[in-house]
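Visitor: Sending over a structure as C-alpha cells; questions will come in a sec.
No lab work stands behind these numbers, since they all come straight from the coordinates. Since we're looking at a predicted model, the values are computed, not measured. Note that we place each Cβ from the backbone using ideal geometry, even for glycine, and neighbour counts take in every protein chain shown.
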Amino acid sequence: MPAPTLAQVLDMLVADRLIHPGQKQDVLNRGREQSRHLLLDKRAELRRLLGRQRVSYTIADAELIASFRFKRLDAPDLHLEEERISETVAKHLGFPFVRLDPLKLDFKLVVDAFGGPFAEKNLVIAVEEKPKELTVALAEPWNTGLLQQLVEFKKKPIRPVLASKNEVLRVITEFHGFRRSMRAAEAELANNLPDIANLEALYKVAGWNELEANDQPVVQAVWYLLNYAADQRASDIHVEPKRDDAVVRMRIDGILHTVHRMPKTVHPAVVSRIKLLSRMDIAEKRRPQDGRFKTQVGDEEIELRVSTVPTAFGEKVVVRIFDPAVLKQSLTDLGLFPRELALYEQMIRSSNGMVLITGPTGSGKTTTLYSTLHHVHSPRINICTLEDPIEMVNEQFNQMAMQPKIGFTFGTALKNVLRQDPDIIMVGEIRDPETAENAVQAALTGHLVLSTVHTNDAASAIGRLFDLGVYPFLASGVLLGVVAQRLVRKVCVHCAVEEALTAEQVDALRIRGAEGRSLRVKKGQGCVRCRGTGYRGRVGIFEVMPITPRIRKLIEAKAPAQEIKRESLNDGMLTLREYGIKKMARGETTFEEIMAVTDEHALY
C-alpha cells in the first residue's frame, strides 16, 4: 500500500469534520516552510538525546498538521493533536489504531524484540507476542518493505497497528534509554560499586528529550524515573528490591502501576543516588531514614520527600512527590459545591475556635489544609504550622517539624507556639490526649486551630475528641465545624461518553425517587491521556458539618454520633455518598468510584 500524501491526509480530516477546507489549504501553502523549522528543532533534539552528530529524521504529515494547532471543529475546546490525526488516518486506511500506554506495555518485550538503533530508525515497537503472531506498533504500517523485513527477522507473521509517531518515539526513547542506563550501570557495577559521593548533584530533572547520552548511567536512570513520574502525574515512586531483581512502581490517581524492573546489582546504586540527593547517610542501610529535596521539572518546582526502610532483600525507597499546584489549589478547585464552600469559608473566617478535617490516609486532608492556609493568608496575620513531617516548605508560613526524639511533639509544641503570637495554628494531627488538650486550650484563648483526625465521617470526629479526654462542654465550646472527605477519580474529559445506570446500580445508590428511572451519567472509554483507565485526576467529595446551636447541645449531652449525624442531615448536610452522587450526576466521577470510597451505611 502506498503511503498517503499530505493532501490525502488533509482530505481525511476534512471528511471527518475535524478541519475545514480553508485550514487544509493553509497547511498546503505553508507546510514546506513549517516542516523545515520542525525538522531543524527535531534533529537538534535527537542529536542531544542520542549523543550523535548525525541523525536521520523526517517530519511526518501528522506531526506537521498538528504543529498548526488548529481548533477541532467537532470539539472547539481541544486542539487537533497528532494522536487524533493518526487515528483518523488509521480508520480511513483500514489499520487498527493503538494508543501506547507505557504502563501497560511489556518492558521486556519492547526492549528485547528489537534493538534500540533498529527501533529508532524504523519507529517500531513490539506490543504483543503470541506463539504464531507478533503485533507491532508502527508510525508507517503501510511500509511493506519494513513489514517483510520484520517477518524475516522474527520468523513469524507480523500484525501491524498504527500509533502516532511522537508516542512511538517517546516509548522507544524511554524504554531503550532506561535499558541502556541499566546495562551500562550493571557493567559498571559488575566488580565494584562506584564512588557514589562523586556522582554529580543534579537537581533539575531533564526531560526525556533533554537527557545527555554521556550522563553517568545511574544518574541518568534516576532522572528517567523522576521525569516519567512527573509526566504521568504520579504521587509516589516505589523502588522495591526483590530476590532476583528490583521493581519500580508508581502511584497514579491513587492506583499503583508497575513501571520497570532493574537488575539486582543496579538497585543499591540507584538507592544511593536518591539518598545522596536527599542528604541521607548513604552508608547506613540498617535503619529507616527520611529526607527530602527539591527539583525542577520544566518551569515547575516540585518537592520530593524520600523514605527508606530495610527489607528482606535490601533497602526499599519511596519518593513522595508534592506538586505545589496541587497543594496550593483554590478552595473552589477542591470540589466543594457552593453551599458547602460557603459553610466552610464561614468556619475558617472565625478568629477563634477549631475546625477539624477528617478522613483516612490518602483522602486529601493535607491538600485541604494547605489550600485553606493559602486562602486565609495575608501579611496581617501570623500562621504557624506544626507538622510531622513538613509536607511542603512555604515561606509564607512559620512551619515547625515535630521531633519526638527530643520531646518536641504536637502537644509540647502547642504550648510553645502560643508564645509566638499566632493568629492561626495548623496542627498536623490530633492523635493523643496531650495534643487534644492543648489544641482545645489554644482555640479557647483566641486562636483559630485547624487540624485533622482519623474517623470515617464528620460526626464520629466528636466522639474521637471524647476518647482523647476532651470534656463535652469544652468540645461544644470550641468546635466550629467538621469536614469529612474522600478522593474519587475524575472521568477523563478526553474520552468521556454518556451511558445509563442500570436498575441494580440505581438501587445500590439508594437514590430517593429514582426507582425505575433511567439515569444518564458519564464514563471514560479509555484513551492515551488517561492510560486507558477512563480516569484522569482526582477530586474531593465532602461531608461538611457546621456546629449549630442544636448540635452544640447534643455535644454537651455527649450524644452518640448517629444522633449528631441525624441532626446534621436535618440541617441539610450531604453525606459522602450523597455528595458523590451529585458529582456523578454532573459527569465528574462514576458509580464504581462512589461505591468504592463511600460507606454502604452512609445514608443512615
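Visitor: Cut-off is 10 Å between beta-carbons; in what order do 223, 142 appear when sorted fewest neighbours first?
Guide: Lowest to highest Cβ neighbour count: 142, 223.
Visitor: Please state the charge dipole magnitude for region 6-167, taken about the Cα centre, from unit charges on C-beta atoms (+1 on K and R, -1 on D and E), reported in debye and rounded to the nearest 20.
Guide: I would put it at about 460 debye.
Visitor: Are there cysteines in the chain with no second cysteine's Cβ under 4.7 Å away, and if so, which?
Guide: Among the cysteines of the chain, those whose Cβ sits 4.7 Å or more from every other are 384.
Visitor: May I ask you to list the aspartates and glutamates whose Cα is less than 17 Å away from that of residue 242, ignoring any residue fewer than eight positions away on the same chain?
Guide: 186, 315
Visitor: Using unit Cβ charges (K, R positive; D, E negative) and no other charged atoms, how large, in debye to the nearest 20, is the dipole of the chain about its Cα centre?
Guide: 740 debye
Visitor: Dipole of region 285-420 (Lys/Arg Cβ +1, Asp/Glu Cβ -1, origin at the Cα centre): which of 420, 332, 398 lies farthest to the positive side?
Guide: 420
Visitor: Once you put a point 7 Å from the Cα of residue 582 and another 7 Å from the Cα of residue 247, both along the Cβ direction, what distance in nm separates them?
Guide: Label-label distance for residue 582 and residue 247, simple model: 4.0 nm.
Visitor: If you don't mind, there's one more thing I want to ask. Within 10 Å of each residue's Cβ, count the other Cβ atoms and sort 331, 576 from fewest upward.
Guide: Ordered by Cβ neighbours within 10 Å, fewest first: 331, 576.
Visitor: By counting other Cβ atoms within 10 Å of each Cβ, how are 569, 123 ranked from fewest to most?
Guide: Values: 569 16, 123 20.
The fewest-first ordering by Cβ neighbours comes to 569, 123.
Visitor: How many Lys pairs in region 6-167 lie less than 17 angstrom apart by Cα atoms, where the lysines are 8 or more positions apart or on different chains?
Guide: 14
Visitor: Where a Cα-Cα gap under 19 Å defines reach, which lysines qualify for residue 565, not counting those fewer than 8 residues away within the same chain?
Guide: List returned: 553.
Visitor: Could you give the angle, 0 to 90 degrees to the nearest 10, between helix 165-188's Cα long axis and the longest principal axis of the Cα atoms of the chain?
Guide: It is inclined by approximately 80 degrees.
Visitor: Quick one: what does P(r) look like for the chain with 20 Å bins over all Cα pairs, in whole %?
Guide: Going from the shortest bin to the longest, the percentages are 17, 43, 32, 8, 0.
Visitor: Could I ask something else about it? Can you give the angle from 0 to 90° between the axis of helix 561-570 and the longest principal axis of the chain, with both taken from C-alpha atoms, to the nearest 10?
Guide: 80 degrees
Visitor: Additional query: On a 0 to 90 degree scale, rounded to 10, what angle separates helix 338-348 from the longest Cα axis of the chain?
Guide: The two axes meet at around 60 degrees.
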